[in-house]
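Accompanying notes for the structure given below.
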Amino acid sequence: MRRYLLGQLDEAEEEALELRLLTEADYVEELDIVTDELISQYLAGGLSVDERERFERVFLASSQRRQKLSFARTLQDYLEEERAATPARSARRAQPRPSQPRRFFKPMAVAASVLLLVGLAFVIWRGFFYQSEVGKGMDALNAAYRHARPVEARVSGLGYAPLLTMRGGSASQVDEQTRDLAGRLLLEAARNDPGPRTQQALGRFYLANHEYDNAIHQFEQALQSTPADAQLHSDLGAAYLERGKAELSDQQSGKGLEDLGKSIEEIDRALELDGSLNEALYNRALAHQYMPLPQQAADDWRKYLEKDSTSPWAEEAKRNLKLLEEKKNDRSRNEQNTLENFLNAYRQGDDEAAWKLYTRSHNSSGNAITKALLDSGLGQGDDATQSFGALNYLGQLETRRANDAYTSDLSKLYAAASSPKRAILSQARAEVKKGYELFRQNRIADSMELFETARGRFAQVGDEGEALAADYAIAHGAAVQPDIKRGLDILARIMPVCEAKNYRWLLAQCLGELAHLQLNLNHYSEAIDESSRALHLAEEMQDWNGTSDSLVQVAGIHSLSNDEERSFDFLRRSLALDDRKDAQHNWGTYIAISFNYTAMGLYRASFDCQQEALQLALGIKIPLYLSRSYLYLGLTYGQLKLYDEAIRHVQLAYQQGLPLANERSGQNMMAMAWLKLGDLYRLSGDQPHAQQAYDESLCLYDVLEFPHYSYAGHKGKFLSYLAEQNDAQAAQELPVVLNLFEENRAKILDERQRSFFFDKEQDVYDLAIAFTSSRMGDSQRAFEYSESCRARSLRDMIRNGAQVMKGDDGLNLRVPGGVEPLKLAEIQERLPDDAQILQYAVLKDQLLVWHLSKSGFTARTVEINAETLAQTVAEVQRRITSLDEADRDGAANGLRKLYDLLIKPVEGLLEHDKLLCIVPDKSLHYVPFNALISTASGKYLVEDYRLVTSSSSSVFIDCTEAARKAGAPREERLLAVGNPSFDRLAYPQLRSLTAAVREAERSAEYYQPASRVLVNEQAQAGIVKAELARSDVAHFAAHYLIDPRSSLSSRLLLAKRQGGGAPANDSLEASEVYRMKLTHTRLIVLSACQTGIERQYGGEGAISFARPFIVAGVPVVVASLWEVDSDPTSDMMIAFHRHRQRDHLPTAEALRRAQLEMIQNENTRYRNPYYWAAFQTIGGDAEF
Amino acid sequence: MRNALSLTHDTFEALLQWLDSNRERAGRKYEVIRSGLIRIFVSKGFSDAESLADEVINRVAGRLSEIEPDYVGEPARYFRGVARKIILEAGRRKEIATETLPESTHTAAEPSDEHECLLRCLKFLSPEKRELILDYHQYEGSGKIENHRIMAEELRISENALRVQAHRTRLRLEKCVLECVENLRMKRISSKGAL
């Protein structure tokens, strides 16, 4: 409208607008309003030069407009006079604006009269002439995007402009100069007047500029000061929404779904604070639309339109609503016409169209088109003949396109069948149909009986295909009941037949079912394998529903093993497929998404997904779906601490199973409801009811012979006993829980799933440690529990090696289990005389510290909660690495504070002459122990002790013994890699490390003459890998790149090969090292950025580039905790090697000496821990 | 001088019938078309927009018997076509030079007619409406947006509803001021004549 008023529309746009003026009363009024607003902006000097010129030349051409301008000016003058005469008016509305008079008015009232006058003058100046930088910046931002808004979401403070999606290379609609001006003004404001308003405005600027990370940062910062600001929550929600959209459209990862969940979370929070906030209502509808939760999105748009039906935003809301409704109608229309469309395609010989329709008609009970053709073929007359013709065509098509013989075999059998045979087939088909009807009512046993009868009939007439399909249906029923053994037996029998007969679609269904059954046995790794095979088959056969089902299944398994990141990846892939999926499939998708959101604490988003799923379940009318929907909703209410609602919903879930109490499936629903009721009663503080509910659940699952949930039931009981301080019962329950935990552990072979699962379930061991230590007073057992839950996979791999697997979900490690943790007595026995261990356990409200030596064992408790400790550690590391002088004292104070927490409680027990092995836990993996400062002596810990870090006491023993085998100090052969000439085009952000060349060359001077120095272009991957296996010591001074999605893909960059090749061939990847057997190499020095920790898991500990070397057999690794500066690192490393070789010092001592030299460095800058404390010795106690 | 609306009762009824068989709906459509035509002419720089709108309606009504049998589509489109024709007939867009813009001539010592009228007209508004219009026009830029948000919150209405309310009140005030100024001008002329 503004453009119309300023004469900027082209003819077509003008025509469209004028037609609306002639047909819509509201639109006329809107034009009048925009007219007034334009005049106000003109008077306020808010128009650009171009707009101002057009305003005066075009807009004011008519006398009516000039009259309006005159009136507006009079009104403005009056307002200014009134403001001057009665500042109270101006103050009344001024409160929320820091730059407005009110903020100064109150102090003025109590000041002396002179000050009053001066203050009043200032107030008037502020009111009349002064516009804050934030205000100017926002005006400029609005002006920059006046023709087209930058993002689809509504951002507070940004007015309406249409959302233009340009085709081709049309010029940008943003006024770039004005946008840059806005940026400058807002950044200036952030510097001069930092605060929530400025941060919010800057966030809006970043959001408009599509700099989502920066926008989110600014909004989050602002929310720290004003957490109850609805508009800020809405803006943060908008930023997550836009980032999520961008990520989903990139199709790289499922992170977009995570961001959409966060968006919902923030927007809902905004609406809880202010239910009438239009921006939030609008954004909520958009977020739901993209998730996609179509029913809720439609409801949201309707709600929005109740609040705003006339603005241009409302027009967009109407359009979106219309699109959603059209899509819904489209879907049901398409479903009705599938068979007809297929027959048309068949008649026209349009293979492409026929295949597309066929592949979209698969569901778990078969293919809708095949079934319709068979039913019709069994009839009489021309229709029957035509149906068999079409079936024959379909069979050939399926054989050609998917190499599947199922339909072709059926076609031949039916066409050749005599009348009596056809009668039997007809009867069997009717039984299958009835069976599926009963199945949908969850009368599983009855349905299985019918499938069994039908199977017999199919077999009787030689219809092997449908007999196998009936068998599959029985197995499916067995999985739902659950009757795991029966299901597995059937699948074991029919899968080889499917394979032999090339019934690939049916095989894929069986694999999916097998995954389901494996999951019920907690065999996560096998479940993922089978599901991935099903996925491959479905993809090859272009079975979109099957592909989508498998993707959701794999996502669900990852979600159950607490790997939400991977789970979202698969869900994203499923959502990206054709959206015409059936309600049951969508139900599964929403539930899987909701699980992930719940795990991430995004309960509102989870709640929305479950609401959508419940609506679907009410439509599907299958009791199991309804029961589960109520159950999950109840659990989410529980997470929100709304226990009454939670319990009511779980009781509804129970009631769905009650009419089927004689059926296994009904008992399953009831058992699950009892289990979750137990959790809810426990959390609401009603322990007697909780224990009763757990017992009911365990009893029902016992009857079902279904142990899948035993762990959850017993864990619940243990937690309930703890809550009521019933120590005797808790002590009795604990071994049961831990045994079940260990059983589960043994069933997960893939390292990633194992790490995620145990990271989440670590709380069981933490509770066991806390209970045993505090309530039972048994420090030794508490230590052994601690040892039982850490670095178990690492130990398994050290002993048995690791297998790197490449699956659909990326690289993974297959880890054979079976290595038991060492007991305290064994550790002490095998501990070297000159070593001592400090092992930590970070518990929810306590920190336990154990000191071990050959002959001593002492435990200490520090009262601090895990969150505070983690914050302290993070803050210390931030200050150390910030390099800002202002942070230096803060860093030192933090290091003192950590010393008091971590070392002081055991200070008296430590022996200076012994090596000190630190076994950290959780956040403590990030602590530079060497730089902790004693409050008494003011000295760094490294000044008093030589330090080694290890993932567990058992791993320390393993590495120490491996180091003993590697021999005594001797002249060693070094492989020194320095500044490899990596592919500059692939990594333009990385700089050449010139100091690394010197580091490699100078370090090598201390080693055998046969040592190998590979610098610059010499450091080719092939040579490096070959030399690595032959060297005693390998030193890498290079760039290390962390892959945030998989530590197995993190890599050290090596020289680019001449003549090109894949980037992976120009690096040393963690996954390659895991595959190596480095029997000769005894020390690795990773003189690169953050090689000592990438992430940490509650159970497994630090995951880093050092870890695969330990697995490969290297007993000692030197690695870094943070990104390091090349030049000083180079000096320190040369000194380290000098101490090792020239002074014949063991690695830990040599590193200590090199670090002490840095602490006393002439260049005082390098005394800062940032330059030296990152490096630590990892592994065992070595003489070399 | 362009023609003012000069429709006969029958022609007008026929026109309404063409717009909609339901007379009430037709009346509403007629009003929308007329208001829209006025906005279109104003936007094209015509000062006599109302009479031009009536001219369009006259022409359409006059040719209704020819148009109606064959015309398919939204009548509004036809009205727009006629309006475009009139605009072309009128030649060029009426532009006025920047220097002829009306400048504010009032001073603090001697309030203008408009100012005096504004003071009078404000008194005709209810206290709530007066408060609304004065508060609504406080501040500029983001401050204004924030102010509107707070006002909407206090009034428990949406920001858009507030915007519409403020506009309607302003329109009422504007109309009152224009009439008042015209009255003062007429009075001045008659008093000069009396001298």
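Does A:Tyr597 qualify as being under 24 Å from the mean Cα position of the chain (by Cα), assigned to a helix (DSSP H, G or I) and farther than 24 Å from A:Ile557 by Cβ? No. Taking (1) farther than 27 Å from A:Glu30 by Cα; (2) within 14 Å of chain B (Cβ to nearest Cβ); (3) surrounded by 22 or more Cβ atoms within 10 Å (Cβ to Cβ) in turn, A:Leu273 satisfies each apart from (3).
A:Glu80: more than 23 Å from A:Leu31 (Cα to Cα), of a type outside the set (Val, Ile, Thr) and modelled with pLDDT of 65 or more, yes or no? Here the answer is yes, as A:Glu80 does meet what is asked. Being within 35 Å of the chain's Cα centre (by Cα), without any contact (Cβ under 8 Å) to a residue 40 or more places away in the chain, buried (at least 21 other Cβ atoms within 10 Å of the Cβ) and more than 14 Å from chain B (Cβ to nearest Cβ) is a condition met by at least one residue of region A:301-319. Within region A:484-512, residues that are over 20 Å from A:Asn545 (Cα atoms) have Cβ atoms under 6 Å from residues that are polar (S, T, N, Q) in these pairs: A:Ile484/A:Asn520, counting only partners at least 6 apart in sequence or on another chain.
Can you name the residue in region A:1097-1110 that is more than 14 Å from A:Ser950 (Cβ to Cβ) and at pLDDT below 95 and, of all such residues, is surrounded by the fewest Cβ atoms within 10 Å (Cβ to Cβ)? This residue is A:Gly1098. When region A:1119-1146 is filtered for residues that are in contact with a His (Cβ under 9 Å, 6 or more places away or on another chain) and either β-branched (Val, Ile, Thr) or over 18 Å from A:Ser1031 (Cβ atoms) (or both), the ones remaining, listed by number, are A:Leu1121, A:Leu1145.
Restricted to region B:27-42, and to residues there that are closer than 20 Å to B:Ala14 by Cα and of a type in the set (A, V, I, L, M, F, W, C), the residue that is farthest from the other protein chains (Cβ to nearest Cβ) is B:Leu37. Applying the criterion of being surrounded by fewer than 24 Cβ atoms within 10 Å (Cβ to Cβ) and of a type in the set (A, V, I, L, M) to the residues of region A:538-567, the residue that is modelled with the lowest pLDDT is A:Leu560. Could you say whether any residue in region B:104-114 is buried (at least 19 other Cβ atoms within 10 Å of the Cβ), within 8 Å of another protein chain (Cβ to nearest Cβ) and at pLDDT below 85? Checking region B:104-114: at least one residue is buried (at least 19 other Cβ atoms within 10 Å of the Cβ), within 8 Å of another protein chain (Cβ to nearest Cβ) and at pLDDT below 85. From the list A:Asn363, A:Asn278, the lone residue that is of a type outside the set (Ser, Thr, Tyr), more than 30 Å from A:Met448 (Cβ to Cβ) and either under 31 Å from the mean Cα position of the chain (by Cα) or surrounded by fewer than 20 Cβ atoms within 10 Å (Cβ to Cβ) (or both) is A:Asn278.
Filtered by the rule that a residue be at pLDDT below 80 and outside any loop (DSSP other than H, G, I, E, B), region A:22-52 gives A:Val49, A:Asp50. Mind listing just one residue for me: the one in region A:689-725 that is part of a helix (DSSP H, G or I) and among the acidic types (Asp, Glu) and, of those, modelled with the lowest pLDDT? Residue satisfying both the conditions and the ranking: A:Asp702.
From the residues in region B:74-103 that are more than 10 Å from every other protein chain (Cβ to nearest Cβ) and in a loop (DSSP other than H, G, I, E, B), which one is modelled with the lowest pLDDT? The extreme case among them is B:Arg92. Residues that are within 14 Å of another protein chain (Cβ to nearest Cβ), among the polar types (S, T, N, Q) and closer than 23 Å to B:His9 by Cβ within region B:43-62 comprise just one, B:Ser51.
A:Glu999 meets the conditions (1) out of contact with any Lys or Arg (no Cβ under 8 Å at 6 or more places or on another chain); (2) surrounded by fewer than 21 Cβ atoms within 10 Å (Cβ to Cβ); (3) touching a residue at least 60 places away in the same chain (Cβ under 8 Å) in every case but one. The failed one is (2).
Among the conditions (1) polar (S, T, N, Q); (2) crowded, with 18+ Cβ neighbours inside 10 Å; (3) in contact with a Ser or Thr (Cβ under 9 Å, 6 or more places away or on another chain), A:Thr338 misses just one, which is (2).
In the set (1) surrounded by 23 or more Cβ atoms within 10 Å (Cβ to Cβ); (2) farther than 19 Å from A:Asp1181 by Cβ, the condition left unmet by A:Gln839 is number (2).
When region A:223-244 is filtered for residues that are over 17 Å from A:Leu158 (Cα atoms), among the aliphatic types (A, V, I, L, M) and either crowded, with 24+ Cβ neighbours inside 10 Å or within 14 Å of chain B (Cβ to nearest Cβ) (or both), only A:Ala228 remains.
Only one of A:Arg167, A:Arg191, A:Arg179 is closer than 30 Å to A:Arg319 by Cβ, at pLDDT below 85 and away from every other protein chain (no Cβ under 14 Å). Can you tell me which? Within the list A:Arg167, A:Arg191, A:Arg179, the selection yields A:Arg167. Candidates in region A:28-40 are the residues that are out of contact with any His (no Cβ under 9 Å at 6 or more places or on another chain) and at the interface with another protein chain (Cβ under 8 Å from one of its Cβ atoms); of these, the one that is surrounded by the fewest Cβ atoms within 10 Å (Cβ to Cβ) is A:Val28. Of the residues making up region A:1-21, those that are in a helix (DSSP H, G or I) and either at the interface with another protein chain (Cβ under 9 Å from one of its Cβ atoms) or in contact with a helix residue (DSSP H, G or I) (Cβ under 7 Å, 6 or more places away or on another chain) (or both) are A:Arg2, A:Tyr4, A:Leu5, A:Glu14, A:Glu15, A:Leu17, A:Glu18, A:Leu19, A:Arg20, A:Leu21. The residue list A:Thr399, A:Thr407 contains one member that is within 43 Å of the chain's Cα centre (by Cα), assigned to a helix (DSSP H, G or I), closer than 16 Å to A:Glu466 by Cα and not aliphatic (A, V, I, L, M), which is A:Thr407.
Is there a residue in region A:980-991 that is modelled with pLDDT of 85 or more, outside any loop (DSSP other than H, G, I, E, B) and loosely packed, with under 15 Cβ neighbours inside 10 Å? For region A:980-991, residues modelled with pLDDT of 85 or more, outside any loop (DSSP other than H, G, I, E, B) and loosely packed, with under 15 Cβ neighbours inside 10 Å: absent.
Filtering region A:207-264 to residues that are small (Gly, Ala, Ser), under 24 Å from A:Ser574 (Cβ atoms) and not in a helix (DSSP H, G or I) leaves A:Ser253, A:Gly254. Tell me, please, whether a residue that is aliphatic (A, V, I, L, M), under 18 Å from A:Arg154 (Cα atoms) and in contact with a Ser or Thr (Cβ under 8 Å, 6 or more places away or on another chain) can be found in region A:302-320. No, that holds for no residue.
Here is the figure for region A:631-647: residues that are more than 28 Å from the chain's Cα centre (by Cα) and either closer than 19 Å to A:Arg604 by Cβ or buried (at least 24 other Cβ atoms within 10 Å of the Cβ) (or both) total 2. Evaluate the following for B:Asp48: is it over 18 Å from the mean Cα position of the chain (by Cα), among the acidic types (Asp, Glu) and farther than 22 Å from B:Gly73 by Cα? It is false that B:Asp48 is over 18 Å from the mean Cα position of the chain (by Cα), among the acidic types (Asp, Glu) and farther than 22 Å from B:Gly73 by Cα.
The values are calculated or read from the model by the stated rules, or taken from the named source; none is laboratory data. A quick note: this is a predicted structure, and the numbers were derived from the prediction, not measured. Note that we place each Cβ from the backbone using ideal geometry, even for glycine, and neighbour counts take in every protein chain shown.
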